[in-house]
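Scroll down for the structure; my scribbles are underneath it.
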Amino acid sequence: MLDAQQALRLVRQRATEFGVNPNRVGIMGFSAGGHLASTAGTHFTTPAGDTKDNTSVRPDFLVLLYPVISFTDNLAHGGSRKSLLGDAPTTEQVRLYSNEQQVTAQTPQPFWCTPPTTKPW
């Protein structure tokens, strides 16, 4: 989370140099990286790390490709949940990192790409 938030800060701080609009900075992730991107979009009110900087760490949009979104028992990708939360996560940890449960009116607009529910072949 610290790296994702620092990347958002860096791009905003150097927007002129990079030729981008600092008010249109997003984050993209695939699979477990999609979980990181959705976490950046739902947990931005508590910046990670120790910084004196006021640069926003809220992404303006999210691109989530085959994302791991939930760690609830019936939706979780077991390997991702175990890697992030360990063998015996608490109910609070599961709730906190099940990002579908963290969506608010301030959550950035997501663009989704998910696998088909049935195989087309």
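The values are calculated or read from the model by the stated rules, or taken from the named source; none is laboratory data. Values in this document were obtained by computation on a predicted structure and should not be read as measured data. Note that each Cβ is placed from the backbone with ideal geometry, even for glycine, and that neighbours are counted across all protein chains shown. Please note that ligands, DNA and RNA were not included when accessible areas were found on the heavy atoms of the full protein model with its side chains. Shrake-Rupley method; radii C 1.70, N 1.55, O 1.52, S 1.80 Å.
Only one of [x] -0.65, -0.72, -1.24; [y] -0.42, -0.49, -1.30; [z] -0.47, -0.55, -1.35 was calculated from the structure for log10 I(q)/I(0) by the Debye sum over Cα atoms at q = 0.12, 0.13, 0.23 Å⁻¹, and its label is [z].
In terms of the Cα gyration tensor, with a ≥ b ≥ c the square roots of its eigenvalues, is region 1-56 rounded because a/c is under 1.5, prolate because a/b exceeds b/c, or oblate? Please list the in-between numbers first.
On the way: a/c = 2.21, a/b = 1.26, b/c = 1.76.
Cα axes put region 1-56 in the oblate bin.
In degrees between 0 and 90, to the nearest 10, how far off the longest principal axis of the chain does helix 32-42 point, with axes built from Cα atoms? Tilt of helix 32-42: around 60 degrees. Rounded to the nearest 20 debye, the dipole size of region 33-89 about its Cα centre is 40 debye, using +1 on the Cβ of Lys and Arg and -1 on the Cβ of Asp and Glu.
Accessible-area rank, largest first, for 95, 12: 95, 12, with all protein chains present and a 1.4 angstrom probe.
Projecting label points 7 angstrom from Cα along Cα→Cβ for residue 92 and residue 111 puts them 3.7 nm apart. Under the rule a/c < 1.5 gives rounded, and otherwise a/b versus b/c splits prolate from oblate, where does region 47-115 land using the Cα gyration tensor? In terms of gyration-tensor shape, oblate. Helix 2-13 and the longest principal axis of the Cα set of the chain meet at an angle near 30°. Take 54-62, 39-47 and order them by the average number of nearby Cβ atoms within 10 Å per residue, most first; the result is 39-47, 54-62. I'd like to know which of 16, 43, 32 lies farthest towards the positive end of the charge dipole of the chain, counting +1 on Cβ of Lys and Arg and -1 on Cβ of Asp and Glu. So the residue we want is 16.
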